[in-house]
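Novice: The structure's right below; bear with me while I get my questions together.
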Amino acid sequence: MKIAVIGTGYVGLVAGACFADTGNDVYCVDIDPQKIDALKRGEIPIYEPGLDTLVKRGLAEKRLHFTTSTPEAVQHSEIIFMAVGTPPLPNGDPDLRYLQTAAEEVGRAMNGSKVVVNKSTVPIGSHETVASWIQAHSQYPVDVVSNPEFLKEGTAVDDFLNPDRVVIGTFRQETYEKMAELYAPFVRQGNPVLWMDPVSAEITKYACNAFLATRISFMNEMARLCEKVGGDVEEVRRGMSSDVRIGKHFLYAGVGYGGSCFPKDVQALLATGRRQGVELGVVAAAEEANAFQKKHLATRVLEQFGPNLSGRTFGVWGLAFKPDTDDMREAPSLTIISDLLAAGARIRAFDPVAMPNARRVLENRVEFCQGAFQAAEGCDALILVTEWNEFRHVDLDRLKATLKAPVVFDGRNLWNPDSLRAKGFTYTGIGRI
Ligand SMILES: NC(=O)c1ccc[n+]([C@@H]2O[C@H](COP(=O)([O-])OP(=O)(O)OC[C@H]3O[C@@H](n4cnc5c(N)ncnc54)[C@H](O)[C@@H]3O)[C@@H](O)[C@H]2O)c1
């Protein structure tokens, strides 16, 4: 099939590369000329495991094209995916200005009837809004489908190639069948392609993210209770997750959820609830618990070292909002670092891939180090924020010798408290005694 993808970020680039890899002819568009030039040379502007192989293969086979021209991409395509960003506005609603601009550009470029797919996470009713934006500039028929994306950064390629399900929100059978055919190579093992109305598809995306965010916030509350009463949230998690009604995923206590999706989608759902007069108390509580949790680890540091941290230096391992990504959007590390800086501390930080993006946000307020041990050097304590694999089996003797004092705050319960204490460390985890 001939496909255009508008917006070549985490979602658009992965979608475009995966569709090209199954034999489709794909034009990926972005307004950022530097990004497009880099992609034409086979350079990947984001860190996402496995993506470079797909992009290089797509380029070599001439099935994947990059352009800054929406008309070029649209006129060549029968299906157009909208994958531009929808960041949050101060009131929680998604900012739809990128989507509107992109839709109007698509409208102006139309040269026949097209299927336009909302892949961006968009407010309920957006299938109609996007259709009206396009139709204001085009006399050709357009069918706007809601096809929310569920990939996770860090495993985005695998998630896209092996989705648990594909959701297609359209009233038209012909459009559903076309979309199902496009996705058929990714669901050969029988995972469902779910056909539903567009509004239900739009709600499904927000409901999934709000539900997963709620699981995390619930566990973070259990962790805080464990800290008070002397339990271990890791044991509680094991006890809960072996119940098949509950399952294993998204039950890890930690420093709170971040990233480009959960915080913004939870806020967008709450804004929709407010507008519709529907109280979404569970979702609101999940968000409130998360705001609290993002500050919790810094609070533990302040409890141990006192409110004035001037003259103290802390090493921070991990800056990205989760491992295997360079995405710093809403990363809990930013809250933790800013709370410690506000108390007068100095920060030495290291992340295996997110440092260029972190530098853009934190500028010169922290010292960026070349390696994990360099970041720990001479520090009053080490704070683990992101559970990168390379931190799992750390050389404890070397760490002890590197720090000024053997004190660690483990924001992801990555390490075994007994092993660390046996080596003489003062260990503080989340929800653990
Ligand atoms: N990142 C994720 O894990 C994830 C997962 C599921 C859904 N989503 C949703 O997908 C959408 C995209 O997210 P993302 O993380 O890929 O965003 P992103 O910010 O990484 O990428 C968006 C891209 O769109 C480009 N763009 C903006 N306006 C444009 C225009 N008029 N024409 C062409 N390109 C334009 C930007 O330059 C940018 O490269 C969002 O709605 C997000 O909520 C994201």
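Novice: Between F250 and N191, what is the label-point separation in nm under the 7 Å Cα-to-beta-carbon projection?
Specialist: Going from the N191 label point to the F250 one covers 1.5 nm.
Novice: Which one, G42, P141, V117, is farthest towards the positive end of the dipole of the chain when Lys and Arg carry +1 and Asp and Glu -1 on their Cβ?
Specialist: Working it through, the farthest residue towards the positive pole turns out to be G42.
Novice: For segment 344-433, report the translational diffusion coefficient in µm²/s to the nearest whole number, using Stokes-Einstein at 20 °C, 1.002 mPa s, and a Kirkwood Rh over Cα pairs.
Specialist: Values: Rh = 13.7 Å.
It comes out at roughly 157 µm²/s.
Novice: Assign unit charges at the C-beta atoms only (+1 for Lys and Arg, -1 for Asp and Glu), then state the dipole size of segment 24-64 relative to its Cα centre in Debye, rounded to the nearest 20. Write down the numbers at each step before the final one.
Specialist: On the way: 7 positive and 8 negative charges, 39 e Å.
That gives segment 24-64 a dipole magnitude of about 180 debye.
Novice: Moving on. What residue among L161, L396, L39 has the largest mean-square fluctuation in a Gaussian network model of the chain, using Cα springs under 10 Å?
Specialist: Of the options given, L396 has the highest mean-square fluctuation.
Novice: Still on this model: Need the full-extension length gain, A207 to E104, defined as separation in residues times 0.36 nm minus the C-alpha distance. One decimal, nm.
Specialist: 34.2 nm
Novice: Among H249, H65, H76, which one shows the biggest mean-square fluctuation in a GNM of the chain, springs joining Cα atoms closer than 10 Å?
Specialist: H249
Novice: Using 0.36 nm per residue of separation minus the Cα-Cα distance, give me the extension gain between R275 and A342 in nm, one decimal. Intermediate results must be reported in sequence, preceding the final value.
Specialist: Working: separation 67, 0.36 × 67 = 24.12 nm, distance 3.61 nm.
Length difference between fully extended and current span is 20.5 nm.
Novice: How would you classify segment 2-196 from its alpha-carbon gyration tensor, with a ≥ b ≥ c the square roots of the eigenvalues: rounded for a/c under 1.5, else prolate if a/b is greater than b/c, otherwise oblate?
Specialist: Details: a/c = 1.31, a/b = 1.14, b/c = 1.15.
Here segment 2-196 falls in the rounded category.
Novice: Moving on to the next point. Give, rounded to the nearest 20 debye, the magnitude of the charge dipole that segment 217-428 has about its Cα centre when Lys and Arg contribute +1 at Cβ and Asp and Glu contribute -1 at Cβ.
Specialist: Approximately 220 debye in magnitude.
Novice: Using the per-residue mean of other Cβ atoms lying within 10 Å as a proxy for protection, in what order, highest first, do the peptides 101-110, 423-432, 130-139 fall?
Specialist: The peptides rank, most packed first, as 101-110, 423-432, 130-139.
Novice: Assuming 0.36 nm per residue, please report the length gained on full extension of the stretch D164 to K400 beyond their Cα-Cα distance. Please report the intermediate quantities before stating the final value.
Specialist: Working: separation 236, 0.36 × 236 = 84.96 nm, distance 4.34 nm.
Full-extension gain reported as 80.6 nm.
Novice: Given the options V353, V394, V233, state which has the largest fluctuation in a GNM of the chain using a 10 Å cut-off (strictly under) for Cα springs.
Specialist: It is V394.
Novice: Can I ask one more? Take K2 and Q370, extend 7 Å from each Cα along the Cα→Cβ direction, and tell me the distance between the two endpoints in nm.
Specialist: About 5.2 nm, to one decimal.
Novice: For the chain, max minus min Cα coordinate along each principal axis, in Å, sorted largest first?
Specialist: 71, 48, 41
Novice: About the Cα centre, and with charges only on the beta carbon of Lys, Arg (+1) and Asp, Glu (-1), how big is the dipole of segment 60-133? Nearest 20 debye, please.
Specialist: In debye, rounded to 20, segment 60-133 gives about 180.
Novice: Say the cut-off is 31 Å between C-alpha atoms; which of K40/K119; K228/K404; K152/K404; K2/K322; K62/K264; K35/K119 go over it?
Specialist: In this structure, K152/K404; K2/K322; K62/K264 lie more than 31 Å apart at Cα.
Novice: Taking amide H positions as placed 1.01 Å from N in the peptide plane, with prolines and chain starts having none, which residues 5 or more places from V5, or on another chain, fall under 5 Å of its amide H?
Specialist: Close amide H contacts, sequence-distant or interchain: Y27, C28, V29, F81.
Read-outs: derived from the displayed coordinates by stated rules, not from any lab. Note that the coordinates shown come from a computational prediction; the quantities given were computed from them, not determined experimentally. So basically every Cβ, Gly included, is an ideal-geometry build from the backbone, and we count neighbours across all protein chains shown.
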